[in-house]
1. If I ask for residues that are open to solvent by 20 Å² or more (accessible area, probe 1.4 Å) and either within 18 Å of Ser155 (Cβ to Cβ) or not acidic (Asp, Glu) (or both), which ones from region 221-233 would you list?
2. So Met84 fits all but one of (1) free of Cβ contacts under 8 Å to residues at least 40 places away in the same chain; (2) open to solvent by 20 Å² or more (accessible area, probe 1.4 Å); (3) under 21 Å from the mean Cα position of the chain (by Cα); (4) more than 21 Å from Thr171 (Cβ to Cβ); what number is the exception?
3. One residue is enough: does region 230-242 have a residue meeting the conditions in contact with a Gly (Cβ under 7 Å, 6 or more places away or on another chain) and either among the charged types (D, E, K, R) or over 30 Å from Val99 (Cβ atoms) (or both)?
4. Restricting the search to region 35-56, which residues are under 16 Å from Gly112 (Cα atoms) and either open to solvent by 50 Å² or more (accessible area, probe 1.4 Å) or free of Cβ contacts under 8 Å to residues at least 40 places away in the same chain (or both)?
5. Could you tell me which residue of region 103-129 is surrounded by the fewest Cβ atoms within 10 Å (Cβ to Cβ), considering only residues that are of a type in the set (Gly, Ala, Ser), in contact with an Asp or Glu (Cβ under 7 Å, 6 or more places away or on another chain) and over 18 Å from Ala215 (Cβ atoms)?
6. Sort out which residues of region 147-173 are charged (D, E, K, R) and open to solvent by less than 50 Å² (accessible area, probe 1.4 Å), and write them in order of number.
7. So which residues in region 12-34 are open to solvent by less than 50 Å² (accessible area, probe 1.4 Å), in a strand (DSSP E or B) and either among the basic types (Lys, Arg) or in contact with a Lys or Arg (Cβ under 6 Å, 6 or more places away or on another chain) (or both)?
8. Filter region 174-202 for residues that are modelled with pLDDT of 95 or more, of a type outside the set (Val, Ile, Thr), open to solvent by less than 50 Å² (accessible area, probe 1.4 Å) and more than 24 Å from Ile117 (Cβ to Cβ) and give the result.
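The values are calculated or read from the model by the stated rules, or taken from the named source; none is laboratory data. Treat the numbers as computed from the prediction; the structure is a model and nothing was measured. Every residue, glycine among them, receives a Cβ derived from its backbone with ideal geometry; neighbour counts consider all protein chains shown. With ligands, DNA and RNA removed, areas are computed over all heavy atoms of the protein, side chains included. Shrake-Rupley method; radii C 1.70, N 1.55, O 1.52, S 1.80 Å.
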Amino acid sequence: MPEKPLISESWAYKETDVLIKADSREAIEAAKKSLIRHRNAIERYIARNPVFKLSLEPINVEAEAPKVVQLMAEAGRLVGVGPMAAVAGTLAQLAVEDVVTTGARNILIDNGGDIFIHGNRSYTVAIHAGESPLSNKIALEIDAARLPLGVCTSSATVGPSLSFGEADAVTVLAKSGALADAAATAICNETRCGPENGIKAGLRRAKVVRGLSAALIIYGKYVGSWGDLPKMTIIDELSEKLVERIS
């Protein structure tokens, strides 16, 4: 039988702008409350420790720091970036985990391209890659056996986030949303000096980060991947002909 459609809602709280998909309205409301609580915890921590927001390098935090702060700092240490590189993926992960404790079975939170999913059904995730001709033309088919899963994307050409690379999209998969987000930033930072050099450098970086399951890089019409990537669908025949694969 076909899967019952999930309820969807776009919602914003300060700079947090999310798409929530869930089985019930109650699950969506629980996700909102969780996002507010964890975001406010970050803001209170930053008010006492401004370096947490500003650092581009890994930093240590106190054992009594809020859970969201600890996860961000740990992810940053694992890949060599500042903790704020993990903020969106961490918030999505914690909100999904909080909702699951209420009994919800299927919940997806997309926090500006950083996604965390829990459930017993398959999901299709399309990748936005800015001005690339492959933007929104490539999708990953994620089956239930892989869940829960973080699917986080960093870009040097889309959005306000700081990047030192050039790729249009670096998508990373990991069981930890915090790690996937931080790693996407670190890998994207390596994508310099043109598509071939940039993609190869990014994939080399992905291979040495423990805890990742796969990475996909889109740079113009060029695509490279590493790891146990889900089935990749190219949405139309014209886009399929455009793709130049780099390994």
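1. Lys221, Tyr222, Ser225, Trp226, Gly227, Leu229, Lys231, Met232, Thr233
2. (4)
3. No, every residue in region 230-242 fails to be in contact with a Gly (Cβ under 7 Å, 6 or more places away or on another chain) and either among the charged types (D, E, K, R) or over 30 Å from Val99 (Cβ atoms) (or both).
4. Listed by number, the list holds a single entry, Ile36.
5. First, pick out the residues of region 103-129 that are of a type in the set (Gly, Ala, Ser): 103-104, 112-113, 119, 122, 126, 129.
Filter again for in contact with an Asp or Glu (Cβ under 7 Å, 6 or more places away or on another chain), leaving 104, 112, 122, 129.
Filter once more, keeping what is over 18 Å from Ala215 (Cβ atoms): 104, 112, 122.
Working: Ala104: 20, Gly112: 21, Ser122: 14.
If we take residues in region 103-129 being of a type in the set (Gly, Ala, Ser), in contact with an Asp or Glu (Cβ under 7 Å, 6 or more places away or on another chain) and over 18 Å from Ala215 (Cβ atoms), then Ser122 is surrounded by the fewest Cβ atoms within 10 Å (Cβ to Cβ).
6. Of everything in region 147-173, just one residue is charged (D, E, K, R) and open to solvent by less than 50 Å² (accessible area, probe 1.4 Å), namely Asp168.
7. Going residue by residue through region 12-34, those that are open to solvent by less than 50 Å² (accessible area, probe 1.4 Å) are 16, 18, 20, 22, 24, 27-28, 30-32, 34.
If we keep only those that are in a strand (DSSP E or B) too, we end up with 16, 18, 20, 22.
Passing the criteria: only Thr16.
8. Asn189, Gly198, Ala201 - these are the residues of region 174-202 that are modelled with pLDDT of 95 or more, of a type outside the set (Val, Ile, Thr), open to solvent by less than 50 Å² (accessible area, probe 1.4 Å) and more than 24 Å from Ile117 (Cβ to Cβ).
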